[in-house]
1. Given the conditions (1) basic (Lys, Arg); (2) out of contact with any Lys or Arg (no Cβ under 9 Å at 6 or more places or on another chain); (3) modelled with pLDDT of 75 or more, report the number of the one that Arg101 does not fulfil.
2. Is there any pair with a first residue in region 33-46 that is more than 21 Å from Val96 (Cβ to Cβ) and a second that is modelled with pLDDT under 85 whose Cβ atoms are under 7 Å apart and which are 6 or more apart or on different chains, and what are they?
3. Among (1) at pLDDT below 90; (2) under 10 Å from the mean Cα position of the chain (by Cα), there is one condition Phe85 misses while meeting the rest; what is its number?
4. Quick test of your reading of the structure: Arg20 fulfils all but one of (1) surrounded by fewer than 15 Cβ atoms within 10 Å (Cβ to Cβ); (2) within 12 Å of the chain's Cα centre (by Cα); (3) touching a residue at least 24 places away in the same chain (Cβ under 8 Å). Name the failing condition by number.
Amino acid sequence: MLELGDGERVAFDGKATQYRQRTAIRGRLRITNRRVLFEPDALSIARCPIEIPLTQIAGIRRGKGFALFRTRVILDLEGGARYAFASRQRDRIAQVLKGTRREVAVPTPRRQAAAT
């Protein structure tokens, strides 16, 4: 269950599949103005939720899912970690992520380079 902090609000809440190596884990993807949270379904093999602060996201890409379906959102994190989520709402998820990252003024590589 998602507990919100002071001033935290949910910008997206929907079903998604998270890919860990070759395993697809179904669950619920929530995006707030501070973090991305993935909670596996009760029947999933994986039980541990994933929580990613927006400040740790270095890049957001769209990708292909199964066959040629364009369903994946790929999050590249600082330090090289990568998370892939598949959803029929891929474009909406990418749009929300980009918008919420702007709200918290997460520095992009271009902004960081310009600041130095």
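1. If we test Arg101 against (1) basic (Lys, Arg); (2) out of contact with any Lys or Arg (no Cβ under 9 Å at 6 or more places or on another chain); (3) modelled with pLDDT of 75 or more, just (3) comes out false.
2. Ile45/Thr23; Ala46/Arg20
3. (1)
4. Looking at each condition in turn, Arg20 falls short on (2).
Rundown of residues vs (1) modelled with pLDDT of 85 or more; (2) surrounded by 19 or more Cβ atoms within 10 Å (Cβ to Cβ), yes/no style:
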{"site": "Ala16", "(1), (2)": "yes, yes"}
{"site": "Ile45", "(1), (2)": "no, no"}
{"site": "Glu51", "(1), (2)": "yes, no"}
{"site": "Ile60", "(1), (2)": "yes, no"}
{"site": "Gly65", "(1), (2)": "no, yes"}
{"site": "Arg70", "(1), (2)": "no, no"}
{"site": "Arg90", "(1), (2)": "yes, yes"}
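The values are calculated or read from the model by the stated rules, or taken from the named source; none is laboratory data. Since this is a predicted model, take the numbers as computed values, not measurements. Ideal geometry is used to build each Cβ from the backbone, glycine not excepted, and the neighbour counts take in all protein chains shown.
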